[in-house]
Structures are given as C-alpha cells and as structure tokens.
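S.K.: First, the structure itself, so that you have it in front of you.
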Amino acid sequence: MGYFQSFIRQFRARLFLVIFINNALILTDWYVVDRVVKLTGWWALIAITVVPLITLGVIPWLSVKSLTQPTKFIWQAIMHLAPGTASDMGAPKPEQLHLGREFVTNLINQLYQLASVVQGVEQSNAKRTEALNPEYAANSLPVPLLVLNKEEKIMLANDAAGKYLSKPVTELMGQNVFTALDLSFTSTDTLDEWLKATKGKAVTADHSWERVRIGLPGQGKGNLQFDLAAHYNQDNPIGYETILVLFDHSGTYGRTDDDLSFIALSVHELRTPLTLLRGYIEVFDEEIGPNLDPELQKFMKQMDASAESLTAFVDNILNVAKIEDNQLTLQLHQENWADIVNTVVGDMQLRASIRGITIKAEVAQDLPPAGTDRYSAYEVLANLLDNAIKYSKDGNTVTIQVSLNKDGLIETSVRDQGAGIDSAILPHLFEKFYRSHQTRAQVGGTGLGLYLAKEIVDAHGGNIWVQSKLGEGSTFSFTVLPYDKLEEARKASGGQDITRSTHGWIKNHSMYRD
Amino acid sequence: MDNVPLTLKKVLCIEDEHFISELYVRALTKAGYDVDVELDGVKGLEAAQSDKYDIILLDLMIPSLTGTEVLRALRDSGKTPKLHARIVITTNLEQREEVRQDIERQADGYIVKAEVTPRELVEFLSKLN
C-alpha cells in the first residue's frame with residue numbers, strides 16, 4: 001500500500017506543479033505583454049489568452065501520457081498472463097517507466113506471483129485427481145482388491161491381486177469373478193449366496209468371511225487362505241457394485257505341511273492307544289473268550305464295541321475338521337453300492353448284537369453302479385446305522401433299505417423303532433453339535449454324525465432327509481447319483497465341478513471310472 | 001488259518017511302537033508268516049533293500065527316516081535296484097488328501113492301524129497275492 005500512497009503523493013505534487021507553472025505563465029505572459037511588448041487592446045488580450053492555452057495544452061498532454069503509461073504496463077501484464085489470449089506484446093518492461101515505476105513494478109510482480117499461485121493450485125488439483133483415480137489407489141494397496149460390476153464381472157483387479165494369484169491383472173479383468181477364480185468357503189455362507197441375498201434387497205451391505213481358499217480354476221485348491229471382506233453398493237455411479245478385499249492369512253491358516261495340525265496330531269495320539277486296545281481285546285477274545293461265562297463274554301464284546309465306536313468317533317472328528325479346513329476331498333468312483341452297504345452292515349453287527357438289535361438289509365437287485373467316494377459313503381452309512389442302533393431299544397430291528405427311486409437315484413434309508421424325534425427338533429438335526437435334548441440323558445454322542453453325513457451327501461450331489469414321529473421311530477434317507485447320471489451332469493456343465501452351484505464349498509471332486 | 005499255504009511269507013514290520021509290532025508279530029506268526037521287526041527308518045530301509053521280504057509293513061511316523069522317505073527310497077530304482085516286496089503302509093497318521101493319494105500310488109496297500117485289528121490285518125495281507 002505504501003507504493004500506492006507514494007504514487008498519489010507524487011501525482012499531487014506534479015499536478016500542483018502544473019497548476020503553479022500555468023498560473024506563473026499567465027502572470028509572466030501578462031507582464032511581458034504589458035511591459036516589454038507594449039501591446040494594448042485586443043492584441044494584448046489575444047496574447048495573454050493564447051500563450052497559456054498553448055502551454056496548458058502541451059503540459060497536460062505530457063502529464064496524461066505519464067499517467068496512463070503504468071496502466072498500460074499492467075494491462076500488458078494481465079494480457080501476458082491471461083490463459084488463452086494470444087498476446088504478442090510479451091512481458092511488460094517497467095524499467096521504461098519514470099512515473100511510479102516502483103509501484104507498477106511491484107504491482108506487476110504481484111500479478112505474476114498470483115498467476116503462479118493459481119497455476120500451482122491447478123497443478124496440485126490435477127495431481128490429487130490422479131491420486132484419487134481408483135486404479136491408482138487400488139494399485140497402491142498392498143492387499144489384493146477386486147471390484148465387480150452388476151454382472152459380477154471383474155472391473156478392476158489391483159497389482160496385489162495379480163501378484164497373489166500369479167496371473168496378469170489384465171487377464172482377470174472383464175471376466176466373471178466366479179469363472180475367473182476358484183473360491184472355496186468353509187460353509188454354505190459363500191460370496192455367491194451373499195450376493196444373491198443382498199442384491200435388490202439392500203442398497204449397501206458389508207460381509208466378511210474367514211478361511212477362504214482362492215485359486216485359479218483347473219489348478220486345484222489354492223494353498224493360499226484369505227479372510228475376505230466385501231462391500232456392496234447398489235447405486236455406485238461408476239458401476240462399481242461390489243468391492244472385495246482379501247487379507248492373506250495363509251501363514252496362520254494354511255499348512256503346506258502334510259498335516260492338519262492340532263487335530264491331526266490329536267487323532268494320531270488317540271489312534272495309537274486305540275490300536276492297542278482293539279488288538280488286545282481281540283487277543284483276549286480269541287484266547288480266553290470261549291472259556292468265559294456268558295456275562296463276561298458280553299462284557300468283552302461290549303469292550304470291543306466301545307473301542308470300535310471310539311475309533312469311528314475319532315474318524316468323525318477328523319472328518320469334521322477336514323470340512324472346517326476345507327480339506328475334505330471326494331473322489332467319485334464307479335462303485336457297487338450294495339457292496340458298500342453290506343460292508344458297513346457287517347462292521348456294525350458287533351455294536352448291534354451286544355444290545356440284541358438285528359440289522360436287516362434289504363438291497364434291491366440290479367442297482368446301477370453308484371458315483372461315490374467309497375470312504376465317505378461308508379462314513380454316512382456308518383453314522384446313520386450307529387445312530388439307529390443308539391436310539392433303538394434293546395431287541396429292536398434296524399432296517400436298511402436300498403432301491404432305485406422314481407427319479408432314478410439310488411435311495412438308501414435306515415429305519416429304527418426307537419423313540420422318534422420331536423417335530424420341533426427335526427429341522428435342526430443336521431446342524432453341527434445338535435442333538436435331541438430329550439434323549440441326551442440316555443444316549444452319548446456329540447451330534448457330529450448327522451452334520452458330517454449331510455455334508456458328505458451334499459458333496460455327492462445327493463439329498464438327505466428324515467421322517468419321524470414320536471414313539472414310532474425314525475427313518476433317515478439319502479440319495480446318491482448313479483455313476484452315469486453323475487457323468488452326464490458333469491458333461492452338461494462343461495466338465496466343470498458338478499456340485500459347484502449348490503454346494504460350492506466342497507469341490508474338486510475327481511471322477512474316476514475303475 | 002495256520003495251514004493256509006502262503007505265497008508271500010516273509011514280512012518286515014517297520015514300526016517303532018513296540019506293543020503294536022508285538023501284536024502284529026503275534027497274529028502274523030500264528031497265521032504262518034515269518035516276521036522281522038525294525039524300529040526305525042534307516043535300519044528298516046536297509047533291511048527292506050536286502051530284498052529278502054515278500055511284504056513290508058511300513059509305519060509313517062518312525063524315527064531317523066520317516067516312512068514317506070523310506071517309501072520313496074524303496075521306489076527309487078537308483079537307491080533300490082531290486083525289490084519284489086509288496087509295501088503296505090500301516091499308520092495312524094492323517095494327512096492331506098493329496099499327500100495320502102501320493103503315498104497310496106507308491107504303495108500296494110494303505111491301512112489306518114486303529115481301524116483294523118491284527119486279525120483283520122492278516123486277512124488284508126492274505127488278499128495281497
């Protein structure tokens with residue numbers, strides 16, 4: 001501001017000077033005309049008027065130029081800076097200026113500074129826009145991130161995702177997430193199911209999963225295990241509907257070693273004494289059994305059956321642990337179903353006989369070969385028979401029936417004459433750790449058996465259900481597919497995993513024709 | 001059972017759990033087999049490589065060399081040029097499906113010890129012929 005004030009001061013001083021000079025000129029003019037030239041009358045009046053008029057015209061003209069010049073420089077500076085104006089004047093040169101040079105120079109400098117500030121703001125805005133570019137932000141994230149559109153196509157996969165999946169991100173983009181990736185969840189709560197449940201019902205939603213195995217299709221189960229977090233936003237303006245973020249916990253969850261950790265170790269430790277127990281019981285039974293009185297013989301059989309049950313239970317724990325760990329793999333072979341049923345019935349005879357229970361097997365002739373995993377099918381049958389025996393009264397009959405049902409599926413049912421199950425409890429029967437409260441007092445068990453049976457049957461592509469009435473016993477039934485149907489289904493789905501859509505979480509069954 | 005003629009007679013049991021091998025030896029001897037026992041991997045492998053045996057029962061969790069390593073060495077023609085024995089894995093260990101399949105491919109049989117009694121083991125071996 002000091003410069004402006006000094007400019008005004010200088011301007012006033014010069015204006016005063018101009019007026020002073022003009023007045024002096026008029027006085028001098030008059031004096032010279034009167035005394036020296038001795039003009040009188042009209043001539044004197046003309047001389048006194050014209051001379052100051054000439055000088056008054058010349059001096060202000062000179063003053064005005066010096067007054068407007070700074071404005072011109074400022075104008076030139078603005079034109080030079082203004083964007084989009086083609087100016088050939090170039091930058092102003094205030095050194096040519098005499099009046100108010102300091103002020104004008106300063107003003108021009110201020111203008112240039114202001115312009116550079118504006119330019120800087122523009123540049124940093126541009127930078128920020130770049131930083132806010134989703135791709136830039138996504139690629140800066142060290143965790144894998146996938147963005148899906150309405151059709152569940154991958155719109156964006158960040159560099160970390162490409163790195164974890166060892167696949168260029170460009171190959172992932174544009175693909176449907178469920179075809180591009182092999183996602184295995186530990187339960188029926190899957191991304192697929194969640195999206196189905198969320199779409200059209202919520203505007204935004206969040207969900208997370210633990211222990212999700214992610215691999216590329218056709219490369220088997222990935223060794224990487226992630227926690228997965230999903231955010232759904234129905235009305236995202238750029239079409240990014242679902243955002244998936246993956247947190248690698250393979251170090252915590254994953255075991256690349258040959259073991260299943262604590263459970264596997266415990267199972268090993270349990271099995272060793274069981275092996276011995278069963279071995280010694282057998283020795284005693286063979287060597288001294290025939291000489292024992294009937295009561296002691298019964299105890300011996302009881303002991304044997306208990307050791308056998310315990311072994312089966314240890315297997316159950318292990319299998320449930322495998323399911324939880326996403327490790328239960330089924331190999332669907334072409335098998336003779338009647339053989340499997342008869343093997344299980346044979347193995348369960350001891351447990352049934354010690355309670356005077358008869359197992360009656362009614363297996364239809366001419367069953368087609370089943371598409372099944374022999375070991376797992378054994379588990380299902382053994383668990384159903386074991387339950388039927390447990391919940392039967394002494395001396396009852398347990399009936400196992402196998403036939404080809406009207407849908408062309410192999411249907412197996414296990415019927416007991418036990419107490420039956422309350423209808424309120426039926427829907428929960430296949431849940432983990434669920435057991436009928438009424439019978440808990442009389443019958444031991446963890447409630448793992450039916451859960452396991454359901455998981456295995458589901459993974460076979462079959463169904464399992466129960467019919468029961470209090471006081472009239474229960475019938476547990478399940479279906480498995482004949483091998484040919486299974487193969488048809490597999491071909492129909494383009495050789496993809498046949499149970500993927502319904503039970504996407506136990507996967508990678510292999511098909512074998514023996 | 002004592003009089004069943006056996007084509008595969010000589011059995012090597014590689015098992016570090018003394019009581020288990022004792023039970024197996026007892027049942028197998030009764031059934032007419034001739035059984036030797038080795039307690040660890042190195043000695044077991046050495047005995048197996050002598051090619052004196054018809055059947056090798058191989059535990060997986062054994063000292064010095066694991067059963068898997070012994071199996072691999074026995075199936076490696078560089079380390080074991082000649083071996084006519086059938087190899088049956090006897091274990092209580094549980095492993096991932098892929099690993100188990102890999103072991104099953106290399107062996108002639110796979111038994112979870114807790115799931116079979118000695119008598120059932122004998123039955124299993126009699127079917128190996």
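The values are calculated or read from the model by the stated rules, or taken from the named source; none is laboratory data. Since we're looking at a predicted model, the values are computed, not measured. Cβ coordinates were reconstructed from backbone atoms using ideal geometry, including for glycine residues, and neighbour counts include every protein chain displayed. Protein only, heavy atoms only, side chains kept; ligands, DNA and RNA dropped before computing areas. Shrake-Rupley method; radii C 1.70, N 1.55, O 1.52, S 1.80 Å.
S.K.: In segment A:168-182, what count of residues is obtained for those that are open to solvent by 60 Å² or more (accessible area, probe 1.4 Å) and in a helix (DSSP H, G or I)?
M.R.: Number satisfying all stated conditions: 3.
S.K.: Give me the pairs: first residue in segment A:230-244 and more than 12 Å from A:Ala205 (Cα to Cα), second residue assigned to a loop (DSSP other than H, G, I, E, B) and of a type outside the set (Lys, Arg), beta-carbon distance under 6 Å, and six or more apart or on different chains, which are they?
M.R.: Qualifying pairs under 6 Å: A:Gly239/A:Asn149.
S.K.: Read through the list (1) open to solvent by less than 50 Å² (accessible area, probe 1.4 Å); (2) in contact (Cβ under 8 Å) with a residue 60 or more places away in the chain, then give the number of the only condition that A:Leu318 fails.
M.R.: Failed condition: (2).
S.K.: Could you tell me how many of the residues in segment A:285-334 are more than 18 Å from A:Gln349 (Cβ to Cβ), at the interface with chain B (Cβ under 9 Å from one of its Cβ atoms) and of a type in the set (Val, Ile, Thr)?
M.R.: Counting residues in segment A:285-334 that are more than 18 Å from A:Gln349 (Cβ to Cβ), at the interface with chain B (Cβ under 9 Å from one of its Cβ atoms) and of a type in the set (Val, Ile, Thr) gives 2.
S.K.: I'm trying to understand the selection: among the residues of segment A:183-203, which are at pLDDT 80 or above and either over 14 Å from the mean Cα position of the chain (by Cα) or open to solvent by less than 40 Å² (accessible area, probe 1.4 Å) (or both)? Please lay out each step first, then the result.
M.R.: Step one: of segment A:183-203, the residues at pLDDT 80 or above are A:183, A:190-199, A:201-203.
Across segment A:183-203, the qualifying residues are A:Leu183, A:Thr190, A:Leu191, A:Trp194, A:Leu195, A:Lys196, A:Ala197, A:Thr198, A:Lys199, A:Lys201, A:Ala202, A:Val203.
S.K.: Name every residue in segment B:12-63 that is part of a strand (DSSP E or B) and of a type in the set (Gly, Ala, Ser), in order of residue number. Even if it seems obvious, please write down each step before you answer.
M.R.: First, pick out the residues of segment B:12-63 that are part of a strand (DSSP E or B): B:12-14, B:34-38, B:55-58.
Selection gives nothing.
S.K.: So which residues in segment A:381-414 are of a type outside the set (Val, Ile, Thr) and either on the phi > 0 side of the Ramachandran plot or crowded, with 21+ Cβ neighbours inside 10 Å (or both), if there are any at all? Steps first, answer last, please.
M.R.: Let us first name the residues in segment A:381-414 that are of a type outside the set (Val, Ile, Thr), namely A:381-388, A:390-396, A:401, A:403-409, A:411, A:413.
A:Leu381, A:Ala382, A:Asn383, A:Leu384, A:Leu385, A:Asp386, A:Asn387, A:Ala388, A:Tyr391, A:Ser392, A:Gly395, A:Gly408 - these are the residues of segment A:381-414 that are of a type outside the set (Val, Ile, Thr) and either on the phi > 0 side of the Ramachandran plot or crowded, with 21+ Cβ neighbours inside 10 Å (or both).
S.K.: Looking only at residues in segment B:11-32 that are within 11 Å of chain A (Cβ to nearest Cβ) and hydroxyl-bearing (Ser, Thr, Tyr), which one is surrounded by the fewest Cβ atoms within 10 Å (Cβ to Cβ)?
M.R.: In this case the residue turns out to be B:Ser21.
S.K.: When the residues of segment B:78-107 are filtered to those that are farther than 19 Å from B:Ile62 by Cα and without any contact (Cβ under 8 Å) to a residue 24 or more places away in the chain, which remaining residue is nearest to the other protein chains (Cβ to nearest Cβ)?
M.R.: Filtering segment B:78-107 for residues that are farther than 19 Å from B:Ile62 by Cα and without any contact (Cβ under 8 Å) to a residue 24 or more places away in the chain, the one nearest to the other protein chains (Cβ to nearest Cβ) comes out as B:Glu97.
S.K.: Next up: Confirm whether B:Thr117 is more than 26 Å from A:Gln331 (Cβ to Cβ) and away from chain A (no Cβ under 11 Å).
M.R.: Details: more than 26 Å from A:Gln331 (Cβ to Cβ): yes; away from chain A (no Cβ under 11 Å): no.
It is false that B:Thr117 is more than 26 Å from A:Gln331 (Cβ to Cβ) and away from chain A (no Cβ under 11 Å).
S.K.: Next question. Output yes when any residue across segment A:84-101 is modelled with pLDDT of 75 or more, part of a helix (DSSP H, G or I) and open to solvent by less than 80 Å² (accessible area, probe 1.4 Å), and no when none is.
M.R.: no
S.K.: Here is a further query. What are the residues in segment B:64-77 that are in contact (Cβ under 8 Å) with a residue 12 or more places away in the chain and under 14 Å from B:Arg105 (Cα atoms), if any?
M.R.: Pass one, segment B:64-77, residues in contact (Cβ under 8 Å) with a residue 12 or more places away in the chain: B:64-75.
Within segment B:64-77, B:Thr68, B:Leu71, B:Arg72, B:Leu74, B:Arg75 qualify.
S.K.: Does segment A:90-119 hold any residues that are touching a Leu at 6+ places or on another chain (Cβ under 6 Å) and over 30 Å from A:Ala13 (Cα atoms), and which are they? Outline the logic, then answer.
M.R.: Restricting attention to segment A:90-119, the residues satisfying the condition of being touching a Leu at 6+ places or on another chain (Cβ under 6 Å) are A:104, A:115.
Matches in segment A:90-119: A:Ala115 only.
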